[in-house]
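Data first, discussion second: the structure below is written as structure tokens.
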Amino acid sequence: MSFELHHQRYDEWFLRHAAAYHSELLAVRALLPWRGLGLSIGVGTGRFAAPLGVQAGIDPAHEVLAYASKRGISVVQSIAEALPFADHSFDYALCVTTICFVDDAGAMLREAHRVLKSGGALVIGFIDRTSELGQHYLAHQAENVFYRDATFFSAAEVEQLLHDTGFSEPVWVQTLSKTLEETREIEPLRASYGGGAFVVVKVNRP
């Protein structure tokens, strides 16, 4: 509901926090496949899918899909736990900050697994709950119009969920070692997880 009511405020967040946004964008770009048909699960306003060349996207919030459509993405209104696509439809899938907003993260991952081709890649970006920024969001969750209903995960928990849903060969990168207010320049990404607030993992569908 928050994204329907406050879609403009959400889209403008990326302008207000440009250095953090571009740091996240580069971290995702480092692991996202360069070729093939891609699906953005929880595409939002298309702030990640559009510059990264992801062709299709779904989101339950109709209002944000208008932004994504204007940014050149083929959009469908849908929830992540019931994707309206046939088995083995996509070469890769992208989920950026989607996992904390879905009702059932396991169901989302099973659906991603279903619509990916054999050998396809899933790339997930999210705020690590154990990071300083993750802990800040948790402490102020009730005050945040977007995060008040979110479920935050640690990188280790996401890694276990991915293993349990049949994905393999995880590769991790991380960025954002400072608070959003302190992030004034694009931050280089680092391998693994455990230090940066924004972590990205790429896994493969066997």
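The values are calculated or read from the model by the stated rules, or taken from the named source; none is laboratory data. Keep in mind that this is a model prediction, so the values were computed, not measured. Note: ideal-geometry Cβ built from the backbone for every residue, glycine included; neighbour counts use all protein chains shown. Note: areas computed on protein heavy atoms with side chains; ligands, DNA, RNA excluded. Shrake-Rupley method; radii C 1.70, N 1.55, O 1.52, S 1.80 Å.
Output the residue which, of all residues in region 190-200 that are touching a Gly at 6+ places or on another chain (Cβ under 8 Å) and over 9 Å from residue 128 (Cα atoms), is least open to solvent (accessible area, probe 1.4 Å).
200
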So residue 158 fits all but one of (1) in contact with a strand residue (DSSP E or B) (Cβ under 7 Å, 6 or more places away or on another chain); (2) surrounded by 19 or more Cβ atoms within 10 Å (Cβ to Cβ); (3) within 19 Å of residue 10 (Cβ to Cβ); what number is the exception? (3)
Tell me yes or no: at least one residue of region 83-99 is open to solvent by 50 Å² or more (accessible area, probe 1.4 Å), in contact (Cβ under 8 Å) with a residue 60 or more places away in the chain and either assigned to a helix (DSSP H, G or I) or out of contact with any strand residue (DSSP E or B) (no Cβ under 6 Å at 6 or more places or on another chain) (or both). no
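Residue under question is residue 151, and the condition is that it be open to solvent by 40 Å² or more (accessible area, probe 1.4 Å), outside any helix (DSSP H, G or I) and either modelled with pLDDT of 95 or more or within 20 Å of residue 112 (Cα to Cα) (or both); does it hold?
It is true that residue 151 is open to solvent by 40 Å² or more (accessible area, probe 1.4 Å), outside any helix (DSSP H, G or I) and either modelled with pLDDT of 95 or more or within 20 Å of residue 112 (Cα to Cα) (or both).
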Which of the residues spanning region 176-197 are in contact with an Asp or Glu (Cβ under 7 Å, 6 or more places away or on another chain) and farther than 22 Å from residue 153 by Cα? none
Examine region 13-22 for a residue that is outside any helix (DSSP H, G or I), touching a residue at least 12 places away in the same chain (Cβ under 8 Å) and over 15 Å from residue 122 (Cα atoms), and state whether such a residue exists. yes
If you scan region 115-137, which residues turn out to be in a helix (DSSP H, G or I) and crowded, with 16+ Cβ neighbours inside 10 Å? 115, 133, 134, 137
Of all residues in region 138-148 being of a type outside the set (Val, Ile, Thr) and either surrounded by 13 or more Cβ atoms within 10 Å (Cβ to Cβ) or part of a loop (DSSP other than H, G, I, E, B) (or both), which is modelled with the highest pLDDT? 138
Can you tell me how many residues in region 154-189 are in a loop (DSSP other than H, G, I, E, B), touching a Gly at 6+ places or on another chain (Cβ under 9 Å) and hydrophobic (A, V, I, L, M, F, W, C)? 2
Among what's in region 9-52 and is more than 10 Å from residue 94 (Cβ to Cβ) and of a type in the set (Phe, Trp, Tyr), pick the residue that is surrounded by the most Cβ atoms within 10 Å (Cβ to Cβ). 10
Residue match in region 33-51 (condition: part of a helix (DSSP H, G or I) and within 14 Å of residue 125 (Cβ to Cβ)): yes
Pick from region 58-82, criterion in a helix (DSSP H, G or I) and open to solvent by less than 30 Å² (accessible area, probe 1.4 Å), ranking: farthest from residue 205 (Cα to Cα): 64
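Do the conditions hold for residue 133, that is, is it among the aliphatic types (A, V, I, L, M) and at pLDDT below 95?
yes
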Residue 55 meets each of (1) of a type outside the set (Ser, Thr, Tyr); (2) open to solvent by less than 60 Å² (accessible area, probe 1.4 Å); (3) within 16 Å of the chain's Cα centre (by Cα); (4) at pLDDT 95 or above with one exception, condition (2)
